[in-house]
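Q: Let me begin by handing over the structure; questions about it come next.
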Amino acid sequence: MSRTRSYGRKNLIISILFAVLIFILSIKLDPYNLGQLAVALMLFIGVLSIVLLTGASGQISLGQGALMAVGGFAAALAILNLGLSIWVAIILAVIAALLAGLLLGIAAARLSGPYLAGTTLVIALAIPSLATRFESVFGGDVGLNINFGNPPAWLSSLMGSVGYEQWQLLATLPFAVLALLFTSNILNSRTGRSWRALRDNEIASSLNGIDISQTKIFVFVISSGFAGLAGVLYGLRGIVGPSVYPISLSLMLLTGAVLGGIRSILGALIGSILVVFLPDVIDSIMKHFSPSEQVANYLPAMISSLLLILTVVLNPGGIAHGLHRTRRHL
Amino acid sequence: MEIFLSAIFSGTSRGAIYALAALGLVLVWRGAGVVNFAQMGQAMFTTYIASTLIGHHYSYWLAFIVALISGGILGAFVDLSVMRPLSRKRSSNFLDSPAMRSTIPVIASLGILGILQSGAGIFWAAEERGFPTPVNSLGLVIGGKTMPFTAFDLFVIGTVFITLVITTYFFKGTGMGLAMRASALNPEVARLSGIKIGSMRTLSWTISGVASSLAGLLVTPSANLSPSTLDLILIIGFTAAVVGGLDSLLGSVIGGFALGLLISFVNVYDTPEDIFLAILVVLLAVLLIRPQGLLGSKEVRRV
């Protein structure tokens, strides 16, 4: 009990430090990097959904992008058709994603490994295609326009003029902190332990009284809620549409999770920063070599795929695992 | 009636290609225990090689043969460079549990897919290009009447049929095919009888590479060639393989034809936009009602 409580305090302190760090960055960075950092935080929430699902409970999903789309479209419909504020819409979006996750989880609890991977991949392709199918509701290929709106007056009076990118970042920050706090607490709890037991040995965990399919569905629901939250924030940058949530988004989340460390929250943060900023870094290096347009377009994808394979073969624990190991050796 | 017949014929010819893609997946799943999500990426890559050769005015048939051979080489390369080192690492902390053991190769194959797609983008530009057919792809005219199928449809069905006959003969009639079946069925016992398991795995990847390369060559004329054109075929091939039972060669072929017909009917009688949804419905229905597929062996679960 006391151990859990001390974990709780530690998690709270880390979350506050994280919030302060991002807040300082939000004052220092230029608009472009503010926008990029905001995207990284949104994807951080999405990558956490994979840390919970794949890292903790051992189920794979290539369809997190589809759940992000569910969140995004639910919020867009709530804002545009019901005239709700974005904050209410965000809550509705998370609820919609939780429900979608429940449906998905009921099917997914019976599947494992490659079956689950293939099924979620089909879902990642099928859900966004619904937007073009029911064009009148979901806005077709173009999508629906929503955004974070203007920063509230009290914030502007507190911080001077707040740019739109800065507002995106500051509006995303509380959700990222909540996601961080929630994830670190649940992974250190009895629930988190039962997820890991399920991953490591289904038979043993069932003998210890863990209901396998109920637990699997529960993980799916929680993970979907995270993906939905990431999705609505991602859509609030401007557009909710099939082109915003392509299959490559799902794969990007998975890449971030694996590169950073699929079992680590710190890894999720490192991974999401990596997938967002790596293309920028590669671009700024390649500028000196004046590459052709197609090399400039495809090189970042090539390098991140290469890193993905190298990580899986050489260091499946990702960067966070590597850091942990280095610290232990020191 | 005309429309119905034409849907049947185009569905059969499409289905033949899906059967090949499914066959490629099943070969690697049985042989190496991996669902290869990079498979149609490999096919896309070899189709680009063929397209480049044809662009340099070599004959279609030379390009065809070169693409098949490079498909085999690419399959073997994927196994030797990534999958074999991965299967050797199975004792590590991260691969201890069965859940992670089946998940990690999937992630690796997605990485390979990414490399092949971005590589094709770098080598062969991002713009789409067409791909020729060796024979006429207009409606065949017999006795002054236009038939609801084309010469190319016949070519596709013929090629796939020959491939299936050769594959069946290889597995049932040759010593090496027997060795491959043995190592898929029980690696430990096969090893004890002197079969080199590693080589058999690489051989599965090679044959699967050739089959999927053939699928790529046959399907591309109806779509434009671009780094991600064949993603859809992967999805359909996977669904077809699951419908047939992921470990049954015959089942995957039946599944391929079934999906070809289904998609053709959705295309003709409904709208092409519903294809993804139809695939998803079929996939979920099979997985929930009959997870072992039409002909697959039933998985024994201990709990």
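The values are calculated or read from the model by the stated rules, or taken from the named source; none is laboratory data. All of these numbers come straight from a predicted model, not from anything done at the bench. Note that each Cβ is placed from the backbone with ideal geometry, even for glycine, and that neighbours are counted across all protein chains shown. To get the accessible areas, we keep the full protein, side chains included, count just its heavy atoms, and leave off ligands, DNA and RNA. Shrake-Rupley method; radii C 1.70, N 1.55, O 1.52, S 1.80 Å.
Q: How many residues are touching a Ser or Thr at 6+ places or on another chain (Cβ under 8 Å) and more than 7 Å from every other protein chain (Cβ to nearest Cβ) when one looks only at segment A:111-127?
A: 3
Q: Can I ask one more? In segment B:4-17, is there at least one residue being open to solvent by less than 10 Å² (accessible area, probe 1.4 Å), in a helix (DSSP H, G or I) and under 30 Å from B:Ser87 (Cα atoms)?
A: No, every residue in segment B:4-17 fails to be open to solvent by less than 10 Å² (accessible area, probe 1.4 Å), in a helix (DSSP H, G or I) and under 30 Å from B:Ser87 (Cα atoms).
Q: Okay, next question. Collect the residues in segment A:185-209 that are more than 18 Å from A:Ala227 (Cβ to Cβ) and open to solvent by less than 60 Å² (accessible area, probe 1.4 Å), keeping them in residue-number order.
A: Once the filter is applied, which keeps residues that are more than 18 Å from A:Ala227 (Cβ to Cβ) and open to solvent by less than 60 Å² (accessible area, probe 1.4 Å), segment A:185-209 yields A:Asn188, A:Ser189, A:Thr191, A:Gly192, A:Ser194, A:Ala197, A:Leu198, A:Arg199, A:Glu202, A:Ala204, A:Ser205, A:Ser206.
Q: If you check A:Leu274, A:Leu269, A:Leu323, A:Leu306, which single one turns out to be farther than 30 Å from A:Arg133 by Cβ, open to solvent by 30 Å² or more (accessible area, probe 1.4 Å) and facing chain B (nearest Cβ under 10 Å)?
A: Matching residue, one of A:Leu274, A:Leu269, A:Leu323, A:Leu306: A:Leu306.
Q: Still on this structure: Quick one: which helices (runs of 4 or more DSSP H) lie wholly within segment A:196-286 and hold at least 3 residues that are out of contact with any His (no Cβ under 9 Å at 6 or more places or on another chain) and free of Cβ contacts under 8 Å to residues at least 12 places away in the same chain?
A: On the way: elements: A:202-207, A:212-235, A:247-260, A:265-286.
Per the criteria, A:202-207, A:265-286.
Q: Run A:Phe289 past the list (1) in contact (Cβ under 8 Å) with a residue 12 or more places away in the chain; (2) within 14 Å of chain B (Cβ to nearest Cβ) and report the number of the one that doesn't hold.
A: (1)
Q: Is it true that A:Gly149 is open to solvent by 60 Å² or more (accessible area, probe 1.4 Å) and outside any helix (DSSP H, G or I)?
A: The answer is no for A:Gly149.
Q: Scan segment B:227-238 and give yes if some residue there is free of Cβ contacts under 8 Å to residues at least 24 places away in the same chain, more than 13 Å from the chain's Cα centre (by Cα) and within 11 Å of another protein chain (Cβ to nearest Cβ), otherwise no.
A: no
Q: Output yes when any residue across segment A:13-36 is part of a helix (DSSP H, G or I), away from chain B (no Cβ under 14 Å) and within 29 Å of A:Phe134 (Cα to Cα), and no when none is.
A: The answer is no; no qualifying residue exists.
Q: While we're here: Consider B:Leu218 against the criteria (1) among the aliphatic types (A, V, I, L, M); (2) under 23 Å from A:Gly113 (Cβ atoms); (3) more than 14 Å from chain A (Cβ to nearest Cβ): it satisfies all of them except one. Which criterion is unmet?
A: Going through the list (1) among the aliphatic types (A, V, I, L, M); (2) under 23 Å from A:Gly113 (Cβ atoms); (3) more than 14 Å from chain A (Cβ to nearest Cβ), B:Leu218 breaks only (2).
Q: Evaluate segment A:93-105: report whether one residue or more is within 13 Å of chain B (Cβ to nearest Cβ) and over 18 Å from A:Ile50 (Cβ atoms).
A: yes
Q: Hey, another quick one. Please enumerate the residues belonging to segment A:6-53 that are open to solvent by 70 Å² or more (accessible area, probe 1.4 Å) and of a type in the set (A, V, I, L, M).
A: Of everything in segment A:6-53, those that are open to solvent by 70 Å² or more (accessible area, probe 1.4 Å) and of a type in the set (A, V, I, L, M) turn out to be A:Leu12, A:Ile13, A:Ile14, A:Ile16, A:Leu17, A:Val20, A:Leu21, A:Ile24, A:Ile27.
Q: Pick out the one residue from A:Ser136, A:Ser156 that is open to solvent by 70 Å² or more (accessible area, probe 1.4 Å), polar (S, T, N, Q) and either more than 14 Å from every other protein chain (Cβ to nearest Cβ) or without any contact (Cβ under 8 Å) to a residue 12 or more places away in the chain (or both).
A: Exactly one residue qualifies, and that residue is A:Ser136.
Q: So A:Leu62 clears everything in (1) over 23 Å from A:Ser194 (Cβ atoms); (2) within 11 Å of chain B (Cβ to nearest Cβ); (3) in a helix (DSSP H, G or I) except one condition, right? Which one?
A: Only one criterion in (1) over 23 Å from A:Ser194 (Cβ atoms); (2) within 11 Å of chain B (Cβ to nearest Cβ); (3) in a helix (DSSP H, G or I) is unmet by A:Leu62, namely (3).
Q: Another question about this same structure. Conditions: (1) more than 8 Å from every other protein chain (Cβ to nearest Cβ); (2) open to solvent by 40 Å² or more (accessible area, probe 1.4 Å). A:Gly241 meets all but one. Number of the miss?
A: Here A:Gly241 meets the rest and fails (2).
Q: Something else about it: Looking at B:Phe171, B:Phe161, can you tell me which residue is modelled with pLDDT of 90 or more and either open to solvent by 50 Å² or more (accessible area, probe 1.4 Å) or in contact with a Gly (Cβ under 6 Å, 6 or more places away or on another chain) (or both)?
A: B:Phe161
Q: Same structure again: Scan B:Ile254, B:Ile235 and give me the residue that is open to solvent by less than 50 Å² (accessible area, probe 1.4 Å) and touching a helix residue (DSSP H, G or I) at 6+ places or on another chain (Cβ under 7 Å).
A: Details: B:Ile254 fails: open to solvent by less than 50 Å² (accessible area, probe 1.4 Å).
Testing whether each residue is open to solvent by less than 50 Å² (accessible area, probe 1.4 Å) and touching a helix residue (DSSP H, G or I) at 6+ places or on another chain (Cβ under 7 Å) leaves just B:Ile235.
Q: Considering only residues that are part of a helix (DSSP H, G or I) and either modelled with pLDDT under 85 or open to solvent by 20 Å² or more (accessible area, probe 1.4 Å) (or both), which ones fall in segment A:102-125? Reasoning before the result, please.
A: Within segment A:102-125, the subset part of a helix (DSSP H, G or I) is A:102-108, A:113-125.
Correct list: A:Leu102, A:Leu103, A:Leu104, A:Ile106, A:Ala107, A:Ala108, A:Gly113, A:Pro114, A:Tyr115, A:Leu125.
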